[in-house]
Amino acid sequence: MMCTGTAPTERRADTGDSGGPLFTKKDGKWVQLGLVSWGPTEITATSYDVNTDVLYFRDWIVTHKDSAFTDYVTSLTATNSAKTLILENLANYLYKTIKITPDTSTKHTKITIKSGTMKPYDFLIVYDGDDPLQNTMLAQLSGTLSEQSFTSSTVQGLTLAILTGKEGKSDGLIVEYSEVSDAGTNTELTCSTGYTACADKFYCLNNKLFCDSNQEGNCRDGSDEAGECPTSSGSTSTSTDKNSSTPSSFNTVLLLVSLFIRTINTL
């Protein structure tokens, strides 16, 4: 374990933060040090938060992390002929990325979500590129998935991220993928109910984090603290990809943190 904390401040772990990451900056890059475990009920100048020391468990994590996802592919190659990916009865506590790159270096990846159902607290996220940490989010979907398409704007392809919670199981989804010549023209970001796209359309942010006094969970451009504040239920943005059909509304209140960061390999 490791203890962290300073003089009394609002920037401390709070109820509901358990399992969240503890980061520090090293050589200009964010590195994960720990996971929030527990803390005092009253914050004083001599009280500290207690965290799990991730570095202590690094070897174990590296050894076992891949075996946790043996039922799921990690990369696919898109060709001229459309192929189908079927994922059923999704596991709990899942954070799985599937990179779909075009077979031809000058072409682009197109996916069509044919159908699917993601239960409350579960997400399907589509990223425009092969690096979820750097690439723009095209869609954050939950609930009943209607047929809709997304095409990459570059030859790096698309990445699907599947995130599931601890209770119940999502039915899964069916995705068709292929390579196409024309790049996508995505200008909007599709967000689940209860989330709103930041002004720069980089990712979706929980509506409860807009215009919050603590300014936590900020958009990169600071748009969550400027302009009109969305309601907690919020309306979704829609995709204007020239290859997309109109997405449906998702009638699920989603309360997960909107940005997921994976840094264990940088330790």
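The values are calculated or read from the model by the stated rules, or taken from the named source; none is laboratory data. Owing to the predicted nature of the structure, the values given are computational and were not obtained by experimental measurement. FYI the Cβ positions are ideal-geometry reconstructions off the backbone, even for glycines, and counts take in every protein chain you see. In case anyone asks, the SASA skips ligands and DNA or RNA and just uses the protein heavy atoms, side chains included. Shrake-Rupley method; radii C 1.70, N 1.55, O 1.52, S 1.80 Å.
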> Which members of region 189-212 meet the condition of being open to solvent by 10 Å² or more (accessible area, probe 1.4 Å) and not basic (Lys, Arg)?
Replying inline: THR193, THR196, ALA197, ALA199, ASP200, PHE202, TYR203, ASN206, LEU209, PHE210, CYS211, ASP212
> When ASN186 is evaluated against the numbered criteria (1) out of contact with any strand residue (DSSP E or B) (no Cβ under 7 Å at 6 or more places or on another chain); (2) open to solvent by 30 Å² or more (accessible area, probe 1.4 Å), which criterion, by number, is the only one it fails?
Replying inline: (1)
> modelled with pLDDT of 90 or more and open to solvent by 10 Å² or more (accessible area, probe 1.4 Å): does that describe GLY116?
Replying inline: yes
>> Test of understanding: among THR52, THR41, which residue is open to solvent by 60 Å² or more (accessible area, probe 1.4 Å) and of a type in the set (S, T, N, Q)?
In response: THR41
> Any residue at all in region 129-143 that is among the β-branched types (Val, Ile, Thr) and under 30 Å from ASP103 (Cα atoms)?
Replying inline: yes
> What are the residues in region 73-100 that are open to solvent by less than 30 Å² (accessible area, probe 1.4 Å) and part of a loop (DSSP other than H, G, I, E, B), if any?
Replying inline: LEU90, LEU94
> In the list ILE61, ILE111, which residue meets the criterion of being closer than 27 Å to LEU205 by Cβ, of a type in the set (A, V, I, L, M) and open to solvent by less than 70 Å² (accessible area, probe 1.4 Å)?
Replying inline: ILE111
> What about LEU173, is it free of Cβ contacts under 8 Å to residues at least 60 places away in the same chain, open to solvent by less than 30 Å² (accessible area, probe 1.4 Å) and in a strand (DSSP E or B)?
Replying inline: no
>> So GLN32 ticks every box in (1) within 23 Å of LYS166 (Cα to Cα); (2) modelled with pLDDT of 85 or more; (3) out of contact with any Phe, Trp or Tyr (no Cβ under 8 Å at 6 or more places or on another chain) but one. Which box is left unticked?
In response: (3)
> Can you name the residue in region 140-152 that is modelled with pLDDT under 95 and small (Gly, Ala, Ser) and, of all such residues, is surrounded by the most Cβ atoms within 10 Å (Cβ to Cβ)?
Replying inline: SER142
